[in-house]
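Inspection log for the structure reproduced underneath, given as structure tokens.
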Amino acid sequence: MTSVYSGGLVYEYSEEDNKYGLTKIGADGKLTDKADFAVLKKQFKATPNPSGDGGYNSTGGASGCPKKSSTWDVDGDTLPAIPEAAKAVSSNITP
């Protein structure tokens, strides 16, 4: 793992039919930067690179579940019970 931003932060690099993208590829194959390219470049420049290993598991295998906390309302790895209202709805579904 490396302490740099990945390209996964960008929705689309080149413009498609939906008009999203940081660049536009012309019919001649030439790239033209769109306005959002400059905005993203400015934001990356103003933001320090992340530090640390991001929780990389160097021993291999699955990582353990986090402990219950104020931001993680799960205790252990058992799935919670199905709420009664959901159980009633799902039992009345006919294929």
**Message:** Among the residues of the stretch 23-34, are any of a type in the set (Asp, Glu) and touching a strand residue (DSSP E or B) at 6+ places or on another chain (Cβ under 6 Å)?
**Reply:** yes
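Yes/no matrix, rows are residues, columns are (1) part of a loop (DSSP other than H, G, I, E, B); (2) of a type in the set (Ser, Thr, Tyr); (3) surrounded by 10 or more Cβ atoms within 10 Å (Cβ to Cβ):
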residue: Leu40; (1), (2), (3): no, no, yes
residue: Ser51; (1), (2), (3): yes, yes, no
residue: Gly64; (1), (2), (3): yes, no, no
residue: Lys67; (1), (2), (3): yes, no, no
residue: Val74; (1), (2), (3): yes, no, yes
residue: Asp77; (1), (2), (3): yes, no, no
**Request:** Among the residues of the stretch 3-38, count how many are loosely packed, with under 13 Cβ neighbours inside 10 Å, assigned to a loop (DSSP other than H, G, I, E, B) and not aliphatic (A, V, I, L, M).
**Result:** 12
**Prompt:** Is there a residue in the stretch 21-29 that is at negative phi, in contact (Cβ under 8 Å) with a residue 40 or more places away in the chain and of a type outside the set (Lys, Arg)?
**Reply:** no
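So which residues in the stretch 79-88 are surrounded by 10 or more Cβ atoms within 10 Å (Cβ to Cβ), among the hydrophobic types (A, V, I, L, M, F, W, C) and assigned to a helix (DSSP H, G or I)? It would help to see each step written out before you state the result.
Quick first cut of the stretch 79-88, residues surrounded by 10 or more Cβ atoms within 10 Å (Cβ to Cβ) only: 82, 86-88.
Add one more test, that the residue is among the hydrophobic types (A, V, I, L, M, F, W, C), and what stays is 82, 86, 88.
Ala86, Ala88 - these are the residues of the stretch 79-88 that are surrounded by 10 or more Cβ atoms within 10 Å (Cβ to Cβ), among the hydrophobic types (A, V, I, L, M, F, W, C) and assigned to a helix (DSSP H, G or I).
Readers should treat all values here as calculations from the given coordinates under stated rules, not as data from a laboratory. All of these numbers come straight from a predicted model, not from anything done at the bench. Cβ coordinates were reconstructed from backbone atoms using ideal geometry, including for glycine residues, and neighbour counts include every protein chain displayed.
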